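Throughout, read-outs are computed from the coordinates displayed, never taken from laboratory work. The structure displayed is predicted, hence computed values, not measured ones. In this analysis, Cβ positions are derived from the backbone assuming ideal geometry, glycine residues included, and neighbour counts consider all displayed protein chains.
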Amino acid sequence: MKHPLQLAEFHLTVANDAQLPPPGPPEIAFAGRSNAGKSSAINALANRTRLAFTSKTPGRTQQINFFRLRNGALLADLPGYGYAAVPQALKRHWQEFLARYLATRQSLVGLVLVVDARHGLADLDRRLLAGYFPSGRPVLVLATKVDKFTASAQGGARRAIERDIAGEFPFHAAQVAVVAFSATRHIGIPAAEAILASWLGETTSDAGAPAPGDRKEKAPRSRGVTRGPKNPR
Ligand code: GDP
């Protein structure tokens, strides 16, 4: 599947565990701090302007939006976390919900963590990863907003995040791929798509010539990234 998120359609909004659809088709979750650039990343990968809503009021959308991909897989757009003005109790509620979802969701095949490349991993990102890694499933870190760096500094920003993860989670570094990304400049899209397609059991390499707008970069080598179990039980 060359562009796994293209033609994604809105499917469902849920506000608590009970409303989650029964686990079925493979699911990819997108998470990140509020304002990291998660909605913009989803929209860029879907080649749409308003599939996921970029928020003018960060932290206000406390719900999961599910999108259906064209092969039937689901994308779960998890609520952004870490916004200071959200009441403490609500923050805790969502942090617990996210931790539970990421640790136990049977149909999850991978987590996309959107991180502002200028700031690197936040404490909440680390906590979320710590809860998720034992599942053995892969993580794609989109180090986004790299357009804010010079071209030569973009690789350095990506490697800083890789080093950070390897230092903090030495036993899980092989589960992680970090891609330098920009939604506004369309950097890293083919590399991210190749990884998402591999999680969905598809390949992007047999799809012929690059689509307009594709940059010439290659997907990072897999570095031992494992696919999540198809039907973990
Ligand atoms: P979310 O809260 O994580 O969904 O973040 P949004 O996608 O709403 O983006 C937050 C802010 O960052 C908005 O002002 C976006 O325009 C900006 N932004 C998002 N992605 C990029 C990017 O790749 N480059 C730049 N320069 N700005 C971005």
Tabulate in residue order the Karplus-calculated ³J(HN,Hα) for segment 89-106, using 6.51 cos²θ - 1.76 cosθ + 1.60 with θ = phi - 60°, rounded to whole Hz; enter x for Gly and Pro.
5, 5, 4, 5, 3, 6, 5, 5, 4, 4, 4, 5, 4, 5, 7, 10, 5, 5
Say each of Phe10 and Ala130 gets a label point 7 Å from the Cα, pointing the same way as Cα to Cβ; how far apart are those two points in nm?
3.7
Given the convex hull of the Cα atoms of segment 9-199, what is a quarter of its surface area in nm²?
10.0
If one puts a single equal scatterer on every Cα of segment 114-178 and applies the Debye formula without solvent, what log₁₀ I(q)/I(0) results at q = 0.14, 0.18, 0.21, 0.23 Å⁻¹?
-0.38, -0.61, -0.81, -0.95
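Would you work out the charge dipole size for segment 116-205 about its Cα centre, treating the Cβ of every Lys and Arg as +1 and the Cβ of every Asp and Glu as -1, and quote it to the nearest 20 debye?
The calculated dipole for segment 116-205 is roughly 180 debye.
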Based on Cβ point charges of +1 for Lys and Arg and -1 for Asp and Glu, what charge dipole magnitude is obtained for segment 9-199 about its Cα centre, in debye rounded to the nearest 20?
380
